[in-house]
1. So, in nm, how far is label Thr42 from label Arg69 when the simple model puts each one 7 Å beyond its Cα toward the Cβ?
2. Taking the Cβ of each residue in Leu154, Leu3 as the centre, tally the other Cβ atoms inside 10 Å and list the residues starting with the fewest.
3. When a footprinting reagent is the concern and you count Cβ atoms within 10 Å, what order do Ser116, Ser50, Ser94 take, fewest first?
4. Just rank Thr148, Thr22, fewest to most, by other beta-carbon atoms within 10 angstrom.
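Just so it is clear, none of the values below were taken in a lab; they were calculated from the coordinates. Predicted, not measured: the structure shown is a model, and the values here were computed from it. Glycine gets a Cβ as well: all are built from the backbone with ideal geometry, and neighbour counts include every protein chain shown.
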Amino acid sequence: MGLIERIFSSVFGNGRNVIVETAQVFRENAEGAAVRQASIQTQSMQQFASEFRVQRQGGFDRFMDALNRLPRPLLAFGTIGLFVVVMSDPVWFSTRMQGISLVPDPLWWLMGAIVSFYFGARHQAHSQDFQRSIAQTLARVPTVVQNTRALQALRSDTPQVAQSAPSAELTLGALAPSDNPALLEWQNSQP
């Protein structure tokens, strides 16, 4: 018993646990990590709370706070508005979308970077061949012009657009029998 007692007292004696201390060299103590994380969160919340303790009394401060709250709802309602416009006037919407297709890629990247930085997102810049994208955009110009002209021709106020009024001539033409050999053969085969 003396030998085992000495081994246990050397490993676990004096409030120590050599096994736990050795394991903590290779693996973080979960309880200690949780305590440190809770301390970090508490400090962060105290810092955030201290920023909002100061009451902003000036009209400019209130105006800027209100202005900072506008972009998200405006973007959301603007997107919903696009769906309403596409249902109410598809030709107008398609014409505008043809124009948007001429915006060069680097400008889209710039707009994406500005919007993503504004909303706090991280945007990674990729090196792109600027001249190639400009050439591709310029190559699309004739197609866009042709599509825009075709869309403008579809407007209901342009001449030579199909009329939806009933036509007696078309109705009689649809009701008149035609020389269809397959139909005649089928009619003759019926008892």
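1. My value for the distance between the label points is 3.2 nm.
2. So the residues, fewest neighbours to most, are Leu3, Leu154.
3. Numbers: Ser116 13, Ser50 9, Ser94 17.
So the ranking, lowest neighbour count to highest, is Ser50, Ser116, Ser94.
4. Values: Thr148 16, Thr22 9.
In increasing order of surrounding Cβ atoms, one gets Thr22, Thr148.
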